[in-house]
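**Q** This is the structure I have questions about; it appears just below.
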Amino acid sequence: MLPIYTPIVSLLAIAFYFFLATRVPAGRGKFGVRLPATTGNPDFERTFRAHMNTLEWMPTFLVPLWLCAIYLNDMGAAVLGLVWIAGRAVYFSGYSRAVEKRLPGFFIQSTACLLLFIGAAAGGVMHLLGS
């Protein structure tokens, strides 16, 4: 049976990433950073890095999310996926204000990813052992 909730969470994660992508050009206009530059104003640089860091984490999030959903539990994976999205929102909100304020969101999202990885690994082993 295919996962029901994980596709919804995956689309929410992509929608959130798309939202972050809109913040970069808005920041360029607000802080006067012209293309192709990615530096020049610390406020813009934090927005840009929050966006890029989310992109960097997407594979680390999406692969264990789906493996956990398929091999262990769709609902559990989806809930952890929502926690990851919330953590990324906290990360973006904090990082946009100050570098040191990114850490609570980073902790939330990285913990969700770790739990998804553990769930994916455990589910994969159980599947291999025929449980």
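**Q** Which whole-Hz ³J(HN,Hα) couplings does region 102-114 yield from phi under the Karplus relation 6.51 cos²θ - 1.76 cosθ + 1.60, θ = phi - 60°, glycine and proline marked x?
**A** 7, 5, x, x, 4, 4, 4, 5, 6, 5, 4, 5, 4
**Q** Let me ask another. Normalising by the residue count of the chain, find the relative contact order in percent from Cα pairs under 8 Å and 6+ residues apart. Write down the numbers at each step before the final one.
**A** Working: 155 pairs, mean separation 35.2, N = 131.
27 percent.
**Q** I need the trypsin sites (Lys or Arg not before Pro) found in region 1-79, filtered to DSSP loop residues with at most 12 other beta carbons within 10 Å of theirs. Walk me through the intermediate numbers first.
**A** On the way: sites: R23, R28, K30, R34, R46, R49; in loops: R34.
Of the trypsin sites (Lys or Arg not before Pro), the ones in loops of region 1-79 whose Cβ has at most 12 other Cβ atoms within 10 Å are R34.
**Q** L55 label point, 7 Å along Cα→Cβ, cut-off 16 Å on backbone N: hits in region 1-19?
**A** The answer is 14-19, whose backbone nitrogens lie closer than 16 Å to the label point.
**Q** Another question, if that's okay. Output wanted: per-residue J couplings in Hz (rounded whole) for region 30-46, from phi through Karplus 6.51 cos²θ - 1.76 cosθ + 1.60, θ = phi - 60°, x for Gly and Pro.
**A** 5, 9, x, 9, 8, 4, x, 4, 10, 9, x, 9, x, 5, 5, 4, 5
**Q** Using the C-alpha atoms of the chain, what convex hull volume per residue, in cubic angstrom, is computed? Provide the component values of the computation, followed by the final result.
**A** Numbers: hull volume 12.0 nm³, N = 131.
So the per-residue Cα hull volume is 91 Å³.
**Q** Which residues among region 92-122 fall inside the zone where the amide N is under 17 Å from a point 7 Å beyond the Cα of L82, along Cα→Cβ?
**A** 109, 112-113, 116
**Q** Can I ask one more? Across region 51-59, in residue order, what do the Karplus-derived ³J(HN,Hα) couplings come to in whole Hz, using 6.51 cos²θ - 1.76 cosθ + 1.60 with θ = phi - 60° and x for Gly and Pro?
**A** Ordered by residue, 3J(HN,Hα) equals 5, 5, 5, 5, 4, 4, 8, 4, x Hz.
**Q** Same structure, new question: Ignoring ligands, DNA and RNA, what accessible area per residue does the chain give at 1.4 Å, in Å²?
**A** Details: 7450 Å² over 131 residues.
Per-residue accessible area for the chain comes out at 57 Å².
**Q** Related question: Just the number, please: carbon plus sulfur as a percent of the accessible area of the chain, 1.4 Å probe, no ligands or DNA/RNA counted.
**A** Values: 5430 of 7450 Å².
Within the chain, the accessible surface is 73 percent carbon and sulfur.
The values are calculated or read from the model by the stated rules, or taken from the named source; none is laboratory data. Because the structure is predicted, anything quoted here is derived from the model rather than measured. All Cβ positions, even for glycine, are placed from backbone atoms using ideal geometry, and neighbour counts span all protein chains on display. Note: accessible area is taken over every heavy atom of the protein model, side chains too, but ligands, DNA and RNA are not part of it. Shrake-Rupley method; radii C 1.70, N 1.55, O 1.52, S 1.80 Å.
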